């Protein structure tokens, strides 16, 4: 451990020694109008956007007029390299100015950006700025730690909408993200603000909306880029019309690129060729700085650049170097290097991780079969010069070690971790089976396995297109060739579940857990499946398993609480909902559920306070307006209650309780026709909710329509034979049978109703 500490201390000293220490500061920029200290700052990160797919970078295959117009008023850096071809680690570098070996985030999910690292947002928050972030993907959820310094972090993702969780599929469309961003910006436009807008749309699955899908047939990736450009145009347009354009610094970049089949990789994550890590970097100042710079840059340079241009002191001991001199004079030339890595192959497949360093002209990729490219003359990285350019390779190896340490220092070795940390990482499911691999083991070069990765990509593409049967066959072939790939088993399990093969899905999830004890996604998906099957204790165990390895997960706390509530374990549910709020104080759904619990105990004042707080945080939270409506109904405010019931139904037509409660309100008001119409609407739109069936059956019985009444009662009992209104269904059937002279069947139905009533009296469910 002492040796490791010495290595790290030496590394830190090396990194510091490499700093140029250039800072223009307010005194040097103060003559400009506006002064740096008066600037607003907007950082836009576009997910999965290759630099060479924008018009301003020489591509004519897609229309990007808004980004191109921004570039015309800005300095365009032509050689910018992402640190990692993955969303969360790359953004962690952008916002801390640190390379991954120093900030510690090496993959999406399972890793956390620890509080010890100062973020760009924290610096602006300390300087008195309003700070807001608007996120398009769950991999950047606040639970992972990138929310540090943001007063407003718009990352609300309703994971309850996803029966099967996959990190990359939980996202928001760009326009929805931008709606929230513009609303917030409008509220702070009279202050100094720092805003981050993240648009995920170019990421797979490529599903551009119209008219972009039609404009780019067979080129969905380009359609997504064109759509994203339009969304960016909304932001740029607002900055102009709001009157803040002339005092706003805008930085636009991407977290990584997309391989698009180059080097055998269809998307990104495995390789660190330029197709996956060469990204746009556009810096627009209000001072009219324009031009193009060929200097080598990195994502870690954004933090010091923004700080300097905004007149804030530099952050000490970071890896990035300010680009302000090149913004002020794009013609400047200076030797610079950029670091990149991918631990994705190691964590997910048991293949060797990759690291690279680029100095502008040459790029070294450190791999079992090392690679060296003259990227200036060979931009496609097709001619490996490692054996012919020995001195260059040696020089770049030294730079790689200076920036990130040796391979041994950078790898997640067991002896550098305490047992508790090691167990936690293994359980998270994101460090793959490599945690158990001897650090000295020789792992396969990803280049030798890329065919297998390609087969997996084909399988995933088939799955995304709805060709699930084909996808399953292909993924089974992957598993036959390499049964140790956790991601393959997990994806296969999700597809089997989609196809209704419950036993096969459970077996595949269990295989994931055999390979990685405590894999979060497998535990979550398996728990959700058990819940659907009515295996409640197994579901509870699954959710608790997630929380053992990921206790910061507010959504899992919420899932556990709602299941406890379904099982009438009200006290436990209340405590669990409060745990969810500890980890996400802005979770409106938890406040709403706590309000329902307070209502069940007769505390209307506390119930109303909690429900209104939930609606304040999440105006569209499911059952929020319903719960407030019934509270107001209990207080006698029937007009407002009716309005809220109807709003709930406009948003959630399948809300059976809202249909039923509104129907009863209409009945009490004396509007019998509206009452019956609402019950019929409830049966139609909420077919899994029994109460509307039973009450409508009673009305049909009263009208003498026995056949219709029997049908409704029977259908209702198929979806609900346990609730406190279910006895009504049996009584309706008993009355019908009696009128038809079927006395034995009538007596049997009465007996079922009475037994159910006795059960309900013995084990009353809370009124929630």
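The values are calculated or read from the model by the stated rules, or taken from the named source; none is laboratory data. Remember, it's a predicted structure, so these values are computed and weren't measured experimentally. Please note: Cβ atoms are built from the backbone with ideal geometry, for glycine as well, and neighbour counts cover all protein chains shown.
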| Residue check, residue 263 against (1) more than 24 Å from residue 84 (Cβ to Cβ); (2) out of contact with any helix residue (DSSP H, G or I) (no Cβ under 6 Å at 6 or more places or on another chain); (3) not in a loop (DSSP other than H, G, I, E, B), all met but one. Which one? | (1)
| field | Verdict on residue 633 being more than 20 Å from residue 578 (Cα to Cα) and part of a helix (DSSP H, G or I) | value | yes
| query | How about the range 720-738: which of its residues are in a loop (DSSP other than H, G, I, E, B) and in contact with a helix residue (DSSP H, G or I) (Cβ under 7 Å, 6 or more places away or on another chain)? | reply | 720, 723, 724, 725
| note | Just one listed residue, out of 228, 253, is assigned to a helix (DSSP H, G or I), touching a strand residue (DSSP E or B) at 6+ places or on another chain (Cβ under 6 Å), assigned by TED's automatic domain parsing to the domain that holds residue 279 and under 16 Å from residue 49 (Cβ atoms), and it is 228
| task | Only residues that are more than 16 Å from residue 693 (Cβ to Cβ) and part of a helix (DSSP H, G or I): list them for the range 739-751, please. | result | 739, 743, 744, 745, 746, 747, 748, 750, 751
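Let's see how each residue does on (1) touching a residue at least 24 places away in the same chain (Cβ under 8 Å); (2) assigned to a loop (DSSP other than H, G, I, E, B):
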residue	(1), (2)
175	yes, no
190	no, yes
195	yes, no
206	no, yes
210	no, yes
214	no, no
221	yes, no
| query | Which of (1) at pLDDT below 95; (2) within 28 Å of residue 545 (Cα to Cα) does residue 508 not meet, given it meets every other one? | reply | (1)
| said: If a residue must be under 23 Å from residue 140 (Cβ atoms) and either assigned to a helix (DSSP H, G or I) or touching a strand residue (DSSP E or B) at 6+ places or on another chain (Cβ under 7 Å) (or both), how many such residues does the range 523-554 contain? | reply: 8
| query | Got a number for residues in the range 677-717 being surrounded by fewer than 19 Cβ atoms within 10 Å (Cβ to Cβ) and under 45 Å from the mean Cα position of the chain (by Cα)? | reply | 10
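Which members of the range 63-115 meet the condition of being closer than 22 Å to residue 223 by Cβ and more than 27 Å from the chain's Cα centre (by Cα)?
63, 65, 68, 69, 70, 71, listed by residue number.
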| field | Check on residue 310, farther than 18 Å from residue 88 by Cα, in contact with a helix residue (DSSP H, G or I) (Cβ under 6 Å, 6 or more places away or on another chain) and touching a residue at least 12 places away in the same chain (Cβ under 8 Å) | value | yes
| Which condition breaks for residue 485 when tested against (1) surrounded by 15 or more Cβ atoms within 10 Å (Cβ to Cβ); (2) at pLDDT 90 or above; (3) touching a helix residue (DSSP H, G or I) at 6+ places or on another chain (Cβ under 8 Å)? | (2)
| request: For the range 232-247, state whether one or more residues are farther than 25 Å from residue 287 by Cβ and either touching a helix residue (DSSP H, G or I) at 6+ places or on another chain (Cβ under 7 Å) or outside any strand (DSSP E or B) (or both). | output: no
| task | Could you grab me the full set of residues in the range 347-388 that are crowded, with 16+ Cβ neighbours inside 10 Å, modelled with pLDDT under 95 and under 19 Å from residue 400 (Cα atoms)? | result | 352, 353, 359, 360
| message | So for the range 566-581 (the condition being assigned to a loop (DSSP other than H, G, I, E, B) and within 20 Å of residue 513 (Cβ to Cβ)), does at least one residue qualify? | response | no
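Surrounded by 15 or more Cβ atoms within 10 Å (Cβ to Cβ), touching a strand residue (DSSP E or B) at 6+ places or on another chain (Cβ under 9 Å) and at pLDDT 95 or above, is that true of residue 167?
no
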